[in-house]
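Just so it is clear, none of the values below were taken in a lab; they were calculated from the coordinates. Quick caveat, the model's predicted, so the values are computed rather than measured. Glycine also receives a Cβ, built like all others from the backbone with ideal geometry; neighbour counts cover every protein chain displayed.
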There are 2 protein chains.
Amino acid sequence: MKIAIIGGTGDQGLGLALRFVKAGEDIIIGSRDAKKAENAVDMVKEMLEDGEVSNIHGSTNVDAAKEGDIILLTVPLQAQIVTLRSIKEYIGDKIVIDATVPLDGCLGGRPTRYVDVWQGSAAERTAELLENTDAKVVSAFNNISAASLLNIKDDVDCDCLVSSDDEKARKEVMALAEKIPNVRSLDCGPLENARIVEKITPLLINLNIRNKIKLAGLRITGL
Amino acid sequence: MKIAIIGGTGDQGLGLALRFVKAGEDIIIGSRDAKKAENAVDMVKEMLEDGEVSNIHGSTNVDAAKEGDIILLTVPLQAQIVTLRSIKEYIGDKIVIDATVPLDGCLGGRPTRYVDVWQGSAAERTAELLENTDAKVVSAFNNISAASLLNIKDDVDCDCLVSSDDEKARKEVMALAEKIPNVRSLDCGPLENARIVEKITPLLINLNIRNKIKLAGLRITGL
């Protein structure tokens with residue numbers, strides 16, 4: 001199964017690419033600019049051992065969306081709509097994983113604050129844009145920091161909270177997330193719950209800043 | 001130091017009373033009805049060993065607010081304003097800990113959803129009501145479930161996320177929360193961050209329901 005990481009040249013896209021490539025998944029890093037995508041692929045290759053890197057290549061977002069079996073959107077909020085529009089016609093009935101976080105930092109404000117988007121969450125914004133398609137929108141990976149994904153020497157110490165109105169797609173993404181060692185997926189039910197999950201990220205950023213660390217994550221206890 | 005638990009006859013008030021009494025703190029359980037408060041005190045005493053229960057009594061909310069050194073508000077959202085108004089003149093410059101969660105369940109909706117209050121968070125709603133007083137409003141205990149507090153045979157497995165615009169009060173409440181064994185307090189900075197912290201509770205309720213458990217909590221990792 002090929003995962004197309006759309007907007008995959010940013011830190012979160014790179015970090016997810018790194019972890020999935022290492023886990024043996026086939027990865028396509030997409031970017032508006034194919035050259036940038038290739039540079040990102042080189043960066044991933046540099047961070048891994050030689051034997052681990054056969055399964056990744058770069059291309060434009062459009063080609064990545066065409067080729068990938070699963071679409072993983074890792075763009076900042078301000079690029080979410082324009083990026084989705086550019087690949088919409090190639091998505092078909094694929095799973096679209098939205099990892100967007102509505103941070104005020106994306107609008108020139110503070111990354112420790114969220115902004116309320118009209119649809120309730122960034123993931124529901126994606127769902128609205130794709131509402132007349134067969135795409136299955138899943139919210140995931142919002143709380144797993146790029147820093148912790150890129151810190152390849154250590155396992156990621158964070159739960160992955162997964163929401164979707166499509167139960168089968170939700171389960172599939174939960175299984176995918178758990179290919180990253182030490183990540184535990186939690187079924188958070190319908191997509192509307194991304195409203196809460198996405199808002200936890202600015203709190204984690206706040207705790208990072210406040211404690212001069214970079215790897216804040218969260219674990220649900222009592223399960 | 002005496003802690004007045006205002007509206008302390010509900011599950012969360014009872015649970016916090018139980019844990020704090022056990023930790024040796026002086027507790028006043030407040031209720032609109034002094035008799036109800038006394039009944040709650042009896043319930044706490046029944047749940048503890050004889051040697052542990054010298055330091056608790058019940059009274060009206062007004063008397064509790066007068067007598068307590070710290071005010072701890074544990075009422076459902078719909079009782080928050082009316083309860084605060086009833087004790088406002090007795091608060092003075094005391095710390096007011098707000099544990100209110102803006103659950104849609106308080107309005108006849110689902111406890112797995114939050115409602116947006118105008119002030120941004122229930123804690124900021126308390127702060128607005130007290131804005132011409134010297135009270136120091138602190139948001140805490142929102143994510144620690146009543147079930148887990150009342151489950152006295154086990155330690156609480158949850159972080160306590162604490163926000164306040166008054167740094168000294170914030171630190172004081174952080175120290176207070178850590179009197180409950182195994183609870184770790186985290187400094188979340190200004191009161192506005194209660195907007196995020198409070199919203200995590202309906203997610204925990206969702207995970208409780210979804211997994212048929214009662215004790216979901218959260219831990220921040222990477223610290």
Cross-link partners of B:K36 among aspartates and glutamates (Cα-Cα below 16 Å; sequence separation of 8 or more within a chain): B:D11, B:E46, B:D63
Rg(Cα) / (2.2 N^0.38 Å) computed for the protein assembly as shown, rounded to two decimals: 1.06
Average partner coverage of A:183-195, which counts Cβ from other chains inside 10 Å: 3
Antiparallel DSSP beta bridges within the protein assembly as shown, as percent of all bridges there, nearest 5: 20 percent
Sites matching GluC sites (Glu not before Pro) across segment A:169-223 that sit in DSSP coil, with at most 15 neighbouring C-beta atoms within 10 Å: A:E178
Protection-proxy order for peptides A:12-25, A:78-91, each taking the mean of Cβ atoms within 10 Å per residue, highest first: A:12-25, A:78-91
Max mean-square fluctuation residue, GNM over chain B, Cα-Cα springs under 10 Å, options B:V183, B:V96, B:V117: B:V117
Unit charges on C-beta of K, R, D, E only; dipole of the protein assembly as shown, Debye: 160 debye
Max mean-square fluctuation residue, GNM over chain B, Cα-Cα springs under 10 Å, options B:K179, B:K66, B:K168: B:K168
Beta bridges per DSSP with both ends in segment A:2-211, % antiparallel, nearest 5: 10 percent
In Å, descending, principal axis extents of the Cα set of segment A:1-104: 36, 31, 23
Three principal axis lengths of chain B [C-alpha, angstrom, descending]: 42, 38, 37
Peptide A:151-158 - average C-beta neighbours from other chains (10 Å radius): 1
From phi via Karplus (6.51, -1.76, 1.60), per-residue ³J(HN,Hα) for segment B:149-164 in Hz, x at Gly/Pro: 5, 7, 7, 5, 6, 10, 5, 7, 10, 7, 7, 10, 8, 10, 10, 6
Whole-angstrom gap from segment A:176-219 to segment B:158-177, using each part's C-alpha centre: 22 Å
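Taking beta carbons within 10 Å but only from partner chains, what does the mean come to for residues A:207-218?
Average per residue, whole number: 4.
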Histogram of C-alpha separations across segment A:94-223, 10 Å bin width, %: 13, 43, 34, 9, 0
